[in-house]
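The values are calculated or read from the model by the stated rules, or taken from the named source; none is laboratory data. As the structure is a computational prediction, the values presented were derived from the model and not from experiment. Glycine gets a Cβ as well: all are built from the backbone with ideal geometry, and neighbour counts include every protein chain shown. Each accessible area value is taken on the protein alone, full model and side chains, heavy atoms only, with ligands, DNA and RNA left out. Shrake-Rupley method; radii C 1.70, N 1.55, O 1.52, S 1.80 Å.
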Amino acid sequence: MSGHRWTWLAGATTALVIALGWSVAAARAKKPVDWVALNPGFAGATFVNDSETCRTCHEDDVKHFSGTKHATAFAVNRPADTGGCESCHGPRSKHIENPTAELRVDPKSRAQSLVCLPCHEGGSRLGWKAGAHHTNDVSCTSCHYVMGQKSERGLLIKATTSDTCYQCHTDVRAEGNKMSHHPVREGRMNCASCHNAHGSTPGLLTKNTVNETCYSCHTEKRGPFVWEHAPARENCANCHTPHGSNQRNLLTSKDPFLCLSCHSYGGHINLPRYNRVSNPYGSGCSNCHVSMHGSNHPSGAKLTR
């Protein structure tokens, strides 16, 4: 078969897959929001289904909203029953009759996320309801700002992912300013490189375990090794602190003292005075035990090769 026929076949197949994906997504029923459960004031309210009515009073809000991804999505595929504004704010007939804040859903409550989830559940948000953020009453609007474009991606409430996280995690920001750190403040990675804010794993990690998350970048540490170092196999955090350290290589303490916290037996020059970083041999234990994560060398039982 000639090259152009292969190209045509590949293009046709791609188009078919996309079309089928769109048709499945369109056919999938979206679970309606129970507005009365979120706020009893919605009882008896109906959908006006006219965003221009909202613009009468909220012109500035509508103007800022018009540049967001939500506005673009509604313009392409406008919700049939709820219109644009009411998709997120609920039926507004009673609000038009009496324009007060009685039909407000508390943005600080985790119940507020029930407004977003009908469209945004699944994928990386599959474990949201079992996650630490949801359990601790962190709502979607704690991190996302829907009514305007404050960030390039994700409709975040701050300009970057890390700045958004630092609103609460100030201790992590402080650790990131230490001598040894992941390149977050340099912009080469961010909190979402290791953490899924919408997930439910311990530590909200992107993978199931600490080690799997670390191996995403540090593949040379994965193994398998003929001679394994048990603490490294068990958990990278046994020796490393991920957010920042004043010891090199993100270690939890100075190299030789870290080794001596486990290897304190006699018959070896494993005393601090022999293993100071300032001694002529430099790094203490790791001067000889160079493969501390594991070794595949036939003579590497002591991780010296």
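Which of the lysines could a cross-linker bridge to residue 31, judged by Cα under 22 Å and excluding same-chain residues fewer than eight apart?
By straight Cα distance, residue 31 reaches 69, 129.
Run the reach check for residue 178 against lysines, Cα to Cα strictly under 27 Å, same-chain hits fewer than 8 apart removed. What comes back?
158, 207, 221, 254
What is the dipole size for the stretch 165-272, taken about its Cα centre, with +1 at each Lys and Arg Cβ and -1 at each Asp and Glu Cβ, in debye to the nearest 20?
180
Specify whether the C-alpha gyration tensor of the stretch 74-162 places it in the rounded, prolate or oblate class, a ≥ b ≥ c being the square roots of the eigenvalues: rounded for a/c under 1.5, otherwise prolate if a/b is larger than b/c and oblate if not.
Values: a/c = 1.61, a/b = 1.42, b/c = 1.14.
Note, shape of the stretch 74-162 comes out prolate.
Treat every Asp and Glu Cβ in the stretch 204-245 as -1 and every Lys and Arg Cβ as +1, leave all other atoms uncharged, and give the resulting dipole magnitude about the Cα centre to the nearest 20 debye. Numbers along the way, then the final one.
Values: 4 positive and 4 negative charges, 13 e Å.
For this selection, approximately 60 debye.
Return one whole number: the accessible area per residue of the stretch 127-232 in Å², for a 1.4 Å probe. If you can, show how the numbers build up before the last one.
Values: 6410 Å² over 106 residues.
Accessible area per residue: 61 Å².
Need the full-extension length gain, residue 299 to residue 43, defined as separation in residues times 0.36 nm minus the C-alpha distance. One decimal, nm.
Result: 84.6 nm gained on full extension.
In Å², and per residue, what accessible area does the stretch 69-112 have when probed at 1.4 Å with the other protein chains present?
On the way: 2780 Å² over 44 residues.
Here the per-residue accessible area is 63 Å².
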